[in-house]
Amino acid sequence: MSDRTPRTVDNYVDGEWVAPTGDDCATVANSATGEEIAEVTFSSRADVDVAAAAAVGAYADWRTQPVEARVQPLFRLKALLEDHQDELAETIVREHGKTFAEARGELRRGIENVEVACGIPTQMQAGTLASAAPGIDESAVRHPLGVFTAITPFNFPGMIPLWFLPYAVATGNAFVLKPSERTPLTAAHIAELVDRAGFPDGLVNVVNGGAETASALLTHDDVVGASFVGSTPVARSVYETAAAHGKRVQAQGGAKNHIIVSDSADLEFAVEQTVGSAFANTGQRCLANPVAVVHADVYDAFAEQLVDRIGSMVVAPGDDPDAEMGPMVGERDRERVLEYIDVGLEEGATLLYDGREHGVPDEGAFLGPTVFGDATPKMRIVREEIFGPVLALVRATDFDEALAIVEESRFGNAASLFTERGREAKRFRHEVDAGNLGVNVGTAAPMAFFHFGGAGESFFGDLHAQGDDAVRFYTDERVYIERWPDVGADSA
Ligand code: NAD
(Lines give C-alpha, C1' and ligand atoms only; values in the text may rest on other atoms or scores of the structure.)
Protein backbone atom coordinates (compact mmCIF):
# COMPACT_ATOMS: atom_id res chain seq x y z
CA MET A 1 0.00 0.00 0.00
CA SER A 2 1.37 3.40 -0.91
CA ASP A 3 0.91 6.43 1.29
CA ARG A 4 -0.69 8.11 -1.73
CA THR A 5 -3.59 5.66 -1.94
CA PRO A 6 -6.03 6.16 0.91
CA ARG A 7 -7.83 2.89 1.55
CA THR A 8 -10.89 1.99 3.50
CA VAL A 9 -10.59 -0.34 6.45
CA ASP A 10 -13.07 -3.20 6.47
CA ASN A 11 -14.24 -5.33 9.36
CA TYR A 12 -13.14 -8.95 9.55
CA VAL A 13 -16.24 -10.94 10.48
CA ASP A 14 -17.00 -14.64 10.10
CA GLY A 15 -13.89 -15.10 7.97
CA GLU A 16 -14.91 -12.37 5.48
CA TRP A 17 -13.94 -8.74 4.91
CA VAL A 18 -17.06 -6.59 5.14
CA ALA A 19 -17.60 -2.84 5.09
CA PRO A 20 -18.83 -1.31 8.36
CA THR A 21 -22.18 0.46 8.00
CA GLY A 22 -22.18 3.09 10.75
CA ASP A 23 -22.68 6.81 10.18
CA ASP A 24 -19.38 8.03 11.64
CA CYS A 25 -15.93 7.70 10.19
CA ALA A 26 -12.37 8.82 10.85
CA THR A 27 -9.31 9.39 8.74
CA VAL A 28 -6.00 7.73 9.52
CA ALA A 29 -2.98 9.90 8.83
CA ASN A 30 0.70 9.19 8.42
CA SER A 31 1.98 10.76 11.65
CA ALA A 32 5.25 11.83 10.03
CA THR A 33 3.66 13.70 7.11
CA GLY A 34 0.05 14.35 8.07
CA GLU A 35 -0.96 12.71 4.79
CA GLU A 36 -4.23 10.74 4.84
CA ILE A 37 -3.53 7.04 4.38
CA ALA A 38 -6.89 5.46 5.18
CA GLU A 39 -10.50 6.06 6.08
CA VAL A 40 -12.29 3.98 8.64
CA THR A 41 -16.07 3.81 8.86
CA PHE A 42 -17.38 2.97 12.31
CA SER A 43 -19.41 -0.16 12.93
CA SER A 44 -23.08 0.16 13.77
CA ARG A 45 -24.88 -1.86 16.42
CA ALA A 46 -26.14 -4.10 13.61
CA ASP A 47 -22.53 -4.75 12.51
CA VAL A 48 -21.67 -5.69 16.09
CA ASP A 49 -24.70 -8.03 16.19
CA VAL A 50 -23.40 -9.83 13.09
CA ALA A 51 -19.90 -10.18 14.55
CA ALA A 52 -21.23 -11.40 17.91
CA ALA A 53 -23.49 -13.94 16.17
CA ALA A 54 -20.55 -15.22 14.12
CA ALA A 55 -18.50 -15.56 17.30
CA VAL A 56 -21.31 -17.40 19.12
CA GLY A 57 -21.59 -19.79 16.16
CA ALA A 58 -17.86 -20.49 16.07
CA TYR A 59 -17.68 -20.89 19.85
CA ALA A 60 -20.20 -23.76 19.85
CA ASP A 61 -17.77 -26.05 18.07
CA TRP A 62 -14.46 -24.55 19.15
CA ARG A 63 -15.10 -25.11 22.85
CA THR A 64 -15.43 -28.85 22.19
CA GLN A 65 -12.16 -29.09 20.27
CA PRO A 66 -9.25 -30.83 22.00
CA VAL A 67 -6.86 -28.29 23.46
CA GLU A 68 -4.08 -29.66 21.27
CA ALA A 69 -6.15 -28.80 18.18
CA ARG A 70 -6.86 -25.31 19.50
CA VAL A 71 -3.20 -24.38 19.74
CA GLN A 72 -2.26 -25.43 16.20
CA PRO A 73 -3.53 -22.20 14.53
CA LEU A 74 -1.67 -20.26 17.22
CA PHE A 75 1.60 -21.92 16.30
CA ARG A 76 0.89 -20.96 12.67
CA LEU A 77 -0.02 -17.42 13.70
CA LYS A 78 3.29 -17.08 15.55
CA ALA A 79 5.19 -18.10 12.42
CA LEU A 80 3.14 -15.76 10.22
CA LEU A 81 3.63 -12.83 12.60
CA GLU A 82 7.37 -13.45 12.54
CA ASP A 83 7.46 -13.82 8.75
CA HIS A 84 5.54 -10.54 8.36
CA GLN A 85 7.09 -8.67 11.28
CA ASP A 86 8.79 -6.08 9.08
CA GLU A 87 5.67 -5.30 7.02
CA LEU A 88 3.61 -5.04 10.19
CA ALA A 89 6.25 -2.77 11.68
CA GLU A 90 6.11 -0.57 8.58
CA THR A 91 2.33 -0.26 9.02
CA ILE A 92 2.79 0.70 12.67
CA VAL A 93 5.42 3.28 11.74
CA ARG A 94 3.06 4.87 9.22
CA GLU A 95 -0.11 5.05 11.27
CA HIS A 96 1.42 5.55 14.71
CA GLY A 97 4.73 7.32 14.07
CA LYS A 98 7.09 5.33 16.30
CA THR A 99 10.48 4.24 14.98
CA PHE A 100 10.87 1.03 13.02
CA ALA A 101 12.95 -0.50 15.85
CA GLU A 102 10.23 0.38 18.36
CA ALA A 103 7.57 -1.10 16.09
CA ARG A 104 9.54 -4.33 15.73
CA GLY A 105 10.04 -4.35 19.49
CA GLU A 106 6.33 -4.07 20.26
CA LEU A 107 5.58 -6.88 17.82
CA ARG A 108 8.14 -9.10 19.54
CA ARG A 109 6.34 -8.49 22.84
CA GLY A 110 3.04 -9.32 21.13
CA ILE A 111 4.38 -12.52 19.58
CA GLU A 112 5.66 -13.50 23.03
CA ASN A 113 2.01 -13.69 24.13
CA VAL A 114 1.17 -16.01 21.24
CA GLU A 115 4.06 -18.22 22.36
CA VAL A 116 2.83 -18.29 25.95
CA ALA A 117 -0.72 -19.10 24.86
CA CYS A 118 0.64 -22.06 22.87
CA GLY A 119 1.42 -23.58 26.28
CA ILE A 120 -2.27 -23.58 27.25
CA PRO A 121 -2.49 -27.41 27.50
CA THR A 122 -0.36 -27.10 30.62
CA GLN A 123 -1.63 -23.74 31.84
CA MET A 124 -5.30 -24.73 31.73
CA GLN A 125 -4.79 -27.63 34.11
CA ALA A 126 -6.42 -26.74 37.40
CA GLY A 127 -5.84 -29.56 39.91
CA THR A 128 -6.93 -33.00 41.12
CA LEU A 129 -7.00 -34.58 44.54
CA ALA A 130 -7.57 -38.31 45.02
CA SER A 131 -9.45 -39.30 48.21
CA ALA A 132 -10.48 -35.73 48.95
CA ALA A 133 -13.21 -37.26 51.14
CA PRO A 134 -14.04 -40.94 51.91
CA GLY A 135 -14.33 -42.66 48.50
CA ILE A 136 -14.32 -39.34 46.69
CA ASP A 137 -11.87 -37.87 44.19
CA GLU A 138 -12.15 -34.19 43.30
CA SER A 139 -10.77 -32.24 40.42
CA ALA A 140 -11.03 -28.65 39.24
CA VAL A 141 -11.43 -28.10 35.50
CA ARG A 142 -11.23 -24.84 33.58
CA HIS A 143 -13.96 -24.13 31.05
CA PRO A 144 -14.25 -21.39 28.44
CA LEU A 145 -17.10 -18.94 28.80
CA GLY A 146 -18.16 -17.73 25.36
CA VAL A 147 -17.48 -14.53 23.39
CA PHE A 148 -14.96 -12.02 24.72
CA THR A 149 -14.18 -8.58 23.37
CA ALA A 150 -11.10 -6.37 23.66
CA ILE A 151 -11.11 -2.61 23.12
CA THR A 152 -7.60 -1.36 22.54
CA PRO A 153 -5.72 1.98 22.37
CA PHE A 154 -3.67 3.60 19.63
CA ASN A 155 -0.24 3.45 21.21
CA PHE A 156 0.67 -0.22 20.74
CA PRO A 157 -1.58 -1.28 17.85
CA GLY A 158 0.36 -4.52 17.28
CA MET A 159 1.14 -5.66 20.80
CA ILE A 160 -1.97 -4.86 22.81
CA PRO A 161 -4.50 -6.87 20.75
CA LEU A 162 -2.09 -9.77 21.25
CA TRP A 163 -2.29 -9.40 25.04
CA PHE A 164 -5.80 -10.84 24.66
CA LEU A 165 -6.53 -12.65 21.39
CA PRO A 166 -4.17 -15.65 21.86
CA TYR A 167 -5.33 -16.48 25.41
CA ALA A 168 -9.02 -15.98 24.61
CA VAL A 169 -9.02 -18.50 21.77
CA ALA A 170 -6.49 -20.93 23.28
CA THR A 171 -8.76 -21.34 26.31
CA GLY A 172 -11.69 -22.14 24.00
CA ASN A 173 -13.50 -18.82 23.66
CA ALA A 174 -14.37 -16.71 20.61
CA PHE A 175 -13.10 -13.15 20.25
CA VAL A 176 -14.14 -9.77 18.86
CA LEU A 177 -11.50 -7.03 18.72
CA LYS A 178 -12.30 -3.34 18.46
CA PRO A 179 -8.99 -1.64 17.74
CA SER A 180 -8.37 2.08 18.11
CA GLU A 181 -9.97 4.04 15.29
CA ARG A 182 -6.72 6.01 15.15
CA THR A 183 -4.54 2.99 14.25
CA PRO A 184 -6.82 0.40 12.64
CA LEU A 185 -4.47 -0.71 9.84
CA THR A 186 -2.25 -2.82 12.08
CA ALA A 187 -5.26 -4.73 13.44
CA ALA A 188 -6.45 -5.31 9.86
CA HIS A 189 -3.01 -6.65 8.99
CA ILE A 190 -3.03 -8.97 12.01
CA ALA A 191 -6.53 -10.15 10.98
CA GLU A 192 -5.16 -11.04 7.53
CA LEU A 193 -2.61 -13.29 9.27
CA VAL A 194 -5.29 -14.73 11.59
CA ASP A 195 -7.25 -15.60 8.45
CA ARG A 196 -4.26 -17.44 7.01
CA ALA A 197 -3.48 -19.22 10.28
CA GLY A 198 -6.58 -21.43 9.88
CA PHE A 199 -8.82 -20.49 12.79
CA PRO A 200 -12.47 -21.43 12.14
CA ASP A 201 -14.53 -18.66 10.54
CA GLY A 202 -16.12 -16.41 13.14
CA LEU A 203 -13.75 -17.36 15.95
CA VAL A 204 -11.74 -14.14 15.67
CA ASN A 205 -13.45 -10.99 14.43
CA VAL A 206 -12.41 -7.36 14.12
CA VAL A 207 -14.96 -4.55 14.17
CA ASN A 208 -13.79 -1.00 13.63
CA GLY A 209 -15.24 2.02 15.34
CA GLY A 210 -15.12 4.38 18.28
CA ALA A 211 -16.98 4.82 21.56
CA GLU A 212 -20.41 3.77 20.22
CA THR A 213 -19.10 0.57 18.68
CA ALA A 214 -17.33 -0.19 21.96
CA SER A 215 -20.52 0.46 23.87
CA ALA A 216 -22.47 -1.92 21.60
CA LEU A 217 -19.95 -4.65 22.46
CA LEU A 218 -19.87 -3.89 26.18
CA THR A 219 -23.66 -4.11 26.51
CA HIS A 220 -24.21 -6.99 24.08
CA ASP A 221 -26.11 -10.01 25.40
CA ASP A 222 -23.80 -12.42 23.59
CA VAL A 223 -20.56 -10.95 24.96
CA VAL A 224 -19.55 -12.51 28.28
CA GLY A 225 -16.42 -10.50 29.05
CA ALA A 226 -14.40 -7.47 28.06
CA SER A 227 -10.79 -6.36 28.19
CA PHE A 228 -10.07 -2.68 27.86
CA VAL A 229 -6.85 -0.69 27.56
CA GLY A 230 -6.91 3.09 27.29
CA SER A 231 -7.20 6.29 29.30
CA THR A 232 -8.37 6.28 32.92
CA PRO A 233 -11.73 8.06 32.48
CA VAL A 234 -12.74 5.63 29.72
CA ALA A 235 -11.35 2.63 31.64
CA ARG A 236 -13.47 3.54 34.65
CA SER A 237 -16.60 3.96 32.56
CA VAL A 238 -15.96 0.73 30.62
CA TYR A 239 -15.53 -1.12 33.91
CA GLU A 240 -18.81 0.25 35.25
CA THR A 241 -20.77 -0.34 32.04
CA ALA A 242 -19.51 -3.87 31.48
CA ALA A 243 -20.04 -4.84 35.13
CA ALA A 244 -23.55 -3.35 35.10
CA HIS A 245 -24.30 -5.59 32.13
CA GLY A 246 -23.05 -8.69 33.93
CA LYS A 247 -19.75 -9.02 32.09
CA ARG A 248 -16.41 -10.12 33.40
CA VAL A 249 -14.16 -7.09 32.88
CA GLN A 250 -10.55 -6.00 33.16
CA ALA A 251 -9.89 -2.33 32.36
CA GLN A 252 -6.37 -0.94 32.18
CA GLY A 253 -6.16 2.82 32.41
CA GLY A 254 -3.70 5.68 32.15
CA ALA A 255 -0.52 6.25 34.10
CA LYS A 256 2.01 8.71 35.45
CA ASN A 257 4.98 6.63 36.56
CA HIS A 258 7.96 7.75 38.60
CA ILE A 259 11.64 6.88 38.64
CA ILE A 260 13.54 7.37 41.89
CA VAL A 261 17.25 8.09 41.49
CA SER A 262 19.08 7.36 44.73
CA ASP A 263 22.32 9.14 45.67
CA SER A 264 23.96 5.70 45.38
CA ALA A 265 22.84 5.11 41.78
CA ASP A 266 25.16 4.63 38.81
CA LEU A 267 24.24 8.02 37.33
CA GLU A 268 25.32 7.40 33.76
CA PHE A 269 23.22 4.24 33.64
CA ALA A 270 20.28 5.93 35.35
CA VAL A 271 20.38 8.79 32.83
CA GLU A 272 20.43 6.44 29.85
CA GLN A 273 17.55 4.38 31.25
CA THR A 274 15.52 7.46 32.17
CA VAL A 275 15.88 8.85 28.64
CA GLY A 276 14.78 5.51 27.17
CA SER A 277 11.86 5.26 29.54
CA ALA A 278 10.58 8.83 29.16
CA PHE A 279 11.05 9.32 25.42
CA ALA A 280 10.66 5.92 23.73
CA ASN A 281 7.46 5.77 21.70
CA THR A 282 7.61 9.60 21.93
CA GLY A 283 6.45 9.34 25.53
CA GLN A 284 3.18 7.69 24.50
CA ARG A 285 3.56 4.65 26.74
CA CYS A 286 1.67 3.60 29.84
CA LEU A 287 4.97 2.30 31.23
CA ALA A 288 6.94 5.47 30.50
CA ASN A 289 8.44 7.15 33.55
CA PRO A 290 7.86 10.85 32.85
CA VAL A 291 8.72 11.92 36.43
CA ALA A 292 12.21 11.43 37.88
CA VAL A 293 12.52 11.99 41.62
CA VAL A 294 16.21 12.62 42.16
CA HIS A 295 18.18 12.74 45.43
CA ALA A 296 19.30 16.32 46.07
CA ASP A 297 23.00 15.32 46.29
CA VAL A 298 23.03 14.03 42.69
CA TYR A 299 20.24 16.18 41.22
CA ASP A 300 22.47 18.73 39.45
CA ALA A 301 24.79 16.11 37.96
CA PHE A 302 21.83 13.99 36.85
CA ALA A 303 20.08 16.96 35.22
CA GLU A 304 23.25 18.05 33.44
CA GLN A 305 24.01 14.60 32.01
CA LEU A 306 20.37 14.15 30.99
CA VAL A 307 20.19 17.43 29.11
CA ASP A 308 23.51 16.64 27.40
CA ARG A 309 22.15 13.30 26.29
CA ILE A 310 18.87 14.48 24.84
CA GLY A 311 20.38 17.47 23.06
CA SER A 312 21.78 15.08 20.46
CA MET A 313 18.65 12.93 20.14
CA VAL A 314 17.62 12.43 16.50
CA VAL A 315 13.93 13.19 16.06
CA ALA A 316 12.88 12.05 12.61
CA PRO A 317 10.27 9.99 10.74
CA GLY A 318 10.07 6.48 12.13
CA ASP A 319 11.30 4.94 8.90
CA ASP A 320 14.54 6.96 9.05
CA PRO A 321 17.16 4.46 10.28
CA ASP A 322 18.79 7.18 12.41
CA ALA A 323 15.55 8.14 14.17
CA GLU A 324 15.70 7.80 17.94
CA MET A 325 12.27 9.36 18.40
CA GLY A 326 9.43 9.65 15.90
CA PRO A 327 6.47 12.05 15.75
CA MET A 328 3.47 11.93 18.05
CA VAL A 329 0.47 10.05 16.70
CA GLY A 330 -1.34 13.21 15.56
CA GLU A 331 -1.42 16.98 15.53
CA ARG A 332 -4.07 17.30 18.25
CA ASP A 333 -1.84 15.22 20.54
CA ARG A 334 1.14 17.47 19.82
CA GLU A 335 -0.99 20.51 20.64
CA ARG A 336 -2.07 18.95 23.93
CA VAL A 337 1.58 18.45 24.90
CA LEU A 338 2.47 22.01 23.85
CA GLU A 339 -0.25 23.23 26.22
CA TYR A 340 1.30 21.21 29.03
CA ILE A 341 4.66 22.87 28.36
CA ASP A 342 2.91 26.22 28.87
CA VAL A 343 1.31 24.84 32.05
CA GLY A 344 4.73 23.81 33.38
CA LEU A 345 6.10 27.29 32.75
CA GLU A 346 3.09 28.92 34.43
CA GLU A 347 3.48 26.60 37.42
CA GLY A 348 7.05 27.80 37.89
CA ALA A 349 9.02 24.75 36.79
CA THR A 350 12.35 25.45 35.08
CA LEU A 351 12.54 24.52 31.42
CA LEU A 352 15.91 22.72 31.32
CA TYR A 353 15.49 21.56 27.74
CA ASP A 354 12.89 22.97 25.36
CA GLY A 355 11.65 20.38 22.87
CA ARG A 356 9.96 23.13 20.87
CA GLU A 357 13.43 24.36 19.89
CA HIS A 358 14.83 20.90 19.07
CA GLY A 359 15.51 20.36 15.38
CA VAL A 360 12.57 18.37 13.97
CA PRO A 361 11.08 17.89 10.48
CA ASP A 362 8.65 20.64 9.38
CA GLU A 363 5.75 18.35 8.50
CA GLY A 364 4.01 15.85 10.77
CA ALA A 365 3.29 15.86 14.51
CA PHE A 366 6.91 16.25 15.63
CA LEU A 367 8.01 17.64 18.96
CA GLY A 368 11.45 17.36 20.54
CA PRO A 369 12.14 15.92 24.01
CA THR A 370 11.39 18.39 26.80
CA VAL A 371 12.75 18.41 30.34
CA PHE A 372 11.46 20.46 33.27
CA GLY A 373 13.52 20.87 36.44
CA ASP A 374 12.43 22.09 39.90
CA ALA A 375 9.06 20.41 39.48
CA THR A 376 7.02 19.65 42.61
CA PRO A 377 4.44 16.94 43.32
CA LYS A 378 1.61 19.48 43.38
CA MET A 379 2.22 20.65 39.80
CA ARG A 380 -0.08 19.42 37.05
CA ILE A 381 2.94 18.42 34.95
CA VAL A 382 3.77 15.91 37.71
CA ARG A 383 0.25 14.80 38.62
CA GLU A 384 -1.43 14.49 35.21
CA GLU A 385 -0.78 12.10 32.36
CA ILE A 386 0.70 14.18 29.52
CA PHE A 387 1.36 11.19 27.23
CA GLY A 388 4.09 12.87 25.24
CA PRO A 389 7.84 13.58 25.34
CA VAL A 390 7.92 15.64 28.55
CA LEU A 391 10.00 14.65 31.57
CA ALA A 392 9.76 16.43 34.93
CA LEU A 393 12.58 16.30 37.51
CA VAL A 394 11.64 16.55 41.18
CA ARG A 395 14.27 17.06 43.90
CA ALA A 396 14.04 14.87 47.05
CA THR A 397 16.09 15.52 50.16
CA ASP A 398 16.29 11.81 51.05
CA PHE A 399 14.90 8.39 50.18
CA ASP A 400 11.93 8.73 52.57
CA GLU A 401 10.82 11.87 50.80
CA ALA A 402 11.29 10.24 47.39
CA LEU A 403 9.03 7.35 48.40
CA ALA A 404 6.43 9.76 49.75
CA ILE A 405 6.42 11.68 46.45
CA VAL A 406 5.83 8.50 44.46
CA GLU A 407 3.02 7.53 46.79
CA GLU A 408 1.21 10.81 46.16
CA SER A 409 0.33 9.69 42.63
CA ARG A 410 -3.23 8.50 42.09
CA PHE A 411 -1.95 6.19 39.37
CA GLY A 412 -0.05 2.95 39.97
CA ASN A 413 0.98 1.37 36.73
CA ALA A 414 4.72 1.19 37.33
CA ALA A 415 7.69 2.72 39.14
CA SER A 416 11.45 2.30 38.94
CA LEU A 417 14.34 2.80 41.33
CA PHE A 418 18.02 3.29 40.54
CA THR A 419 20.11 2.35 43.54
CA GLU A 420 23.13 0.36 44.67
CA ARG A 421 21.57 -0.22 48.12
CA GLY A 422 19.64 -3.40 48.80
CA ARG A 423 17.70 -1.90 51.68
CA GLU A 424 16.34 0.87 49.44
CA ALA A 425 15.35 -1.72 46.84
CA LYS A 426 13.56 -3.74 49.48
CA ARG A 427 11.65 -0.75 50.87
CA PHE A 428 10.74 0.34 47.35
CA ARG A 429 9.29 -3.09 46.52
CA HIS A 430 7.34 -3.25 49.77
CA GLU A 431 6.09 0.30 50.00
CA VAL A 432 5.31 1.52 46.48
CA ASP A 433 1.76 0.71 45.36
CA ALA A 434 2.22 0.00 41.66
CA GLY A 435 1.68 -3.05 39.49
CA ASN A 436 5.16 -3.18 37.95
CA LEU A 437 8.24 -2.30 39.98
CA GLY A 438 11.68 -2.03 38.38
CA VAL A 439 14.96 -1.92 40.28
CA ASN A 440 17.75 -0.66 38.03
CA VAL A 441 15.32 -1.17 35.14
CA GLY A 442 14.06 1.94 33.34
CA THR A 443 10.83 0.51 31.97
CA ALA A 444 9.26 -2.19 34.13
CA ALA A 445 7.55 -4.24 31.40
CA PRO A 446 6.86 -7.84 32.41
CA MET A 447 7.42 -10.74 30.05
CA ALA A 448 4.26 -12.38 28.71
CA PHE A 449 4.45 -15.30 31.15
CA PHE A 450 3.90 -12.82 34.01
CA HIS A 451 0.67 -10.88 34.33
CA PHE A 452 0.60 -7.21 33.36
CA GLY A 453 -1.52 -4.63 35.07
CA GLY A 454 -1.44 -1.64 37.34
CA ALA A 455 -2.88 -0.45 40.64
CA GLY A 456 -4.73 2.68 41.75
CA GLU A 457 -6.42 4.53 38.88
CA SER A 458 -4.33 2.61 36.36
CA PHE A 459 -6.46 -0.50 36.65
CA PHE A 460 -10.09 -1.43 37.28
CA GLY A 461 -10.79 -5.09 37.88
CA ASP A 462 -8.95 -7.98 39.50
CA LEU A 463 -7.44 -10.34 36.92
CA HIS A 464 -4.84 -8.65 34.71
CA ALA A 465 -3.64 -9.29 31.15
CA GLN A 466 -1.05 -11.91 30.17
CA GLY A 467 0.24 -15.00 31.95
CA ASP A 468 -1.78 -16.94 34.51
CA ASP A 469 -4.18 -14.07 35.08
CA ALA A 470 -5.22 -14.23 31.41
CA VAL A 471 -5.97 -17.95 31.71
CA ARG A 472 -8.12 -17.30 34.76
CA PHE A 473 -9.85 -14.31 33.18
CA TYR A 474 -10.91 -16.34 30.16
CA THR A 475 -12.08 -19.43 32.07
CA ASP A 476 -14.29 -20.55 34.91
CA GLU A 477 -13.33 -23.40 37.19
CA ARG A 478 -15.74 -26.20 37.82
CA VAL A 479 -15.13 -28.83 40.44
CA TYR A 480 -15.88 -32.47 39.63
CA ILE A 481 -16.67 -34.59 42.69
CA GLU A 482 -16.79 -38.33 41.98
CA ARG A 483 -17.63 -41.36 44.12
CA TRP A 484 -17.58 -44.96 42.88
CA PRO A 485 -18.77 -46.83 46.00
CA ASP A 486 -17.93 -50.34 44.80
CA VAL A 487 -14.26 -49.44 44.19
CA GLY A 488 -12.36 -50.12 47.43
CA ALA A 489 -9.51 -48.02 48.70
CA ASP A 490 -7.05 -50.87 48.11
CA SER A 491 -7.92 -51.03 44.37
CA ALA A 492 -7.19 -47.31 43.88
P1 NAD B 1 -8.66 6.12 24.75
O2 NAD B 1 -9.18 5.88 26.12
O3 NAD B 1 -8.96 7.41 24.10
O4 NAD B 1 -9.19 4.99 23.74
C5 NAD B 1 -8.95 3.62 23.98
C6 NAD B 1 -10.02 2.80 23.28
O7 NAD B 1 -11.28 3.11 23.86
C8 NAD B 1 -10.17 3.08 21.80
O9 NAD B 1 -10.41 1.86 21.14
C10 NAD B 1 -11.40 3.99 21.72
O11 NAD B 1 -12.10 3.87 20.50
C12 NAD B 1 -12.23 3.46 22.86
N13 NAD B 1 -13.13 4.45 23.46
C14 NAD B 1 -13.01 5.79 23.45
N15 NAD B 1 -14.03 6.35 24.16
C16 NAD B 1 -14.77 5.32 24.64
C17 NAD B 1 -15.93 5.24 25.45
N18 NAD B 1 -16.54 6.34 25.92
N19 NAD B 1 -16.43 4.01 25.73
C20 NAD B 1 -15.82 2.90 25.29
N21 NAD B 1 -14.70 2.91 24.52
C22 NAD B 1 -14.19 4.11 24.19
O23 NAD B 1 -7.06 5.87 24.83
P24 NAD B 1 -5.98 6.14 23.70
O25 NAD B 1 -5.78 7.60 23.54
O26 NAD B 1 -6.26 5.31 22.50
O27 NAD B 1 -4.70 5.49 24.41
C28 NAD B 1 -3.88 6.19 25.32
C29 NAD B 1 -4.24 5.86 26.74
O30 NAD B 1 -4.16 4.46 26.97
C31 NAD B 1 -3.29 6.50 27.74
O32 NAD B 1 -4.02 7.00 28.82
C33 NAD B 1 -2.41 5.34 28.17
O34 NAD B 1 -1.82 5.46 29.44
C35 NAD B 1 -3.39 4.21 28.14
N36 NAD B 1 -2.73 2.91 28.04
C37 NAD B 1 -2.74 2.13 29.15
C38 NAD B 1 -2.09 0.90 29.11
C39 NAD B 1 -2.09 0.02 30.32
O40 NAD B 1 -1.68 -1.13 30.21
N41 NAD B 1 -2.52 0.49 31.47
C42 NAD B 1 -1.44 0.48 27.94
C43 NAD B 1 -1.47 1.32 26.83
C44 NAD B 1 -2.12 2.55 26.90
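The values are calculated or read from the model by the stated rules, or taken from the named source; none is laboratory data. Just so it is clear, the model here is predicted, and its values are computed rather than measured. Note: ideal-geometry Cβ built from the backbone for every residue, glycine included; neighbour counts use all protein chains shown. Only protein heavy atoms, including side chains, enter the accessible area calculation; ligands, DNA and RNA are left aside. Shrake-Rupley method; radii C 1.70, N 1.55, O 1.52, S 1.80 Å.
The table below lists the values:
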quantity	calculated
Reachable lysines from K98, criterion Cα separation under 27 angstrom, eight or more residues apart if same chain	K78, K178, K256
For segment 268-405, average projected area of the Cα convex hull in nm²	7.9 nm²
Anchor K247: aspartates and glutamates whose Cα lies under 17 Å away (excluding residues fewer than 8 positions away in-chain)	D49, D221, D222, D462, D469, D476, E477
Computed P(r) (all Cα pairs; segment 1-60; 5 Å bins; percent)	4, 18, 21, 18, 15, 11, 8, 4, 1, 0
Selection from V206, A278, S312, by position along the positive dipole direction of the chain (Cβ)	V206
Viscosity 1.306 mPa s, 10 °C: Kirkwood-radius Stokes-Einstein D of segment 317-362 over Cα pairs, µm²/s	130 µm²/s
10 Å Cβ shell holding at most 13 others, DSSP loop, GluC sites (Glu not before Pro): longest site-free stretch of the chain	1-362
Folded to 0 to 90 degrees: helix 67-83 orientation relative to the chain principal axis, Cα	30 degrees
Degrees between helix 100-117 axis and first principal axis of the chain (Cα, 0 to 90, nearest 10)	30 degrees
Mean shadow area of segment 241-288, taken as a quarter of the surface of its Cα convex hull (nm²)	5.0 nm²
Charge dipole (segment 258-439, unit charges on Cβ, about Cα centre) - positive-most of T376, H430, F411	H430
Under 5 Å, built H, 5+ apart or other chain: amide partners of A396	V294, H295, A296
Cα-based shape type of segment 364-434, given that a ≥ b ≥ c are square roots of the gyration tensor eigenvalues and the cut on a/c is 1.5	prolate
Probe 1.4 Å, protein heavy atoms only - accessible area per residue of the chain in square angstrom	40 Å²
For the chain, the spread of Cα positions along each principal axis, largest first, Å	79, 60, 40
Cβ-based net charge around A448, under 9 Å, with every Lys or Arg adding one and every Asp or Glu removing one	-1
Among T64, G135, A117 - extreme Cα towards positive end, dipole of segment 63-149, charges at beta-carbon	G135
Ellipsoid equivalent to segment 85-195 - semi-axes via the Cα gyration tensor, in Å	37, 14, 10
Rounded to 10°, Cα long-axis angle of helix 267-279 versus longest principal axis of the chain	60 degrees
Rg followed by Dmax, in Å, when segment 182-224 is reduced to its Cα trace	12.1, 31
Against the rule of thumb 2.2 N^0.38 Å, how large the Cα Rg of segment 220-320 comes out	1.53
Sequence of W163, W484 from largest to smallest accessible area, 1.4 Å probe	W484, W163
Loop-located trypsin sites (Lys or Arg not before Pro) in segment 407-492 whose Cβ has at most 15 other Cβ within 10 Å (DSSP)	R410, R421
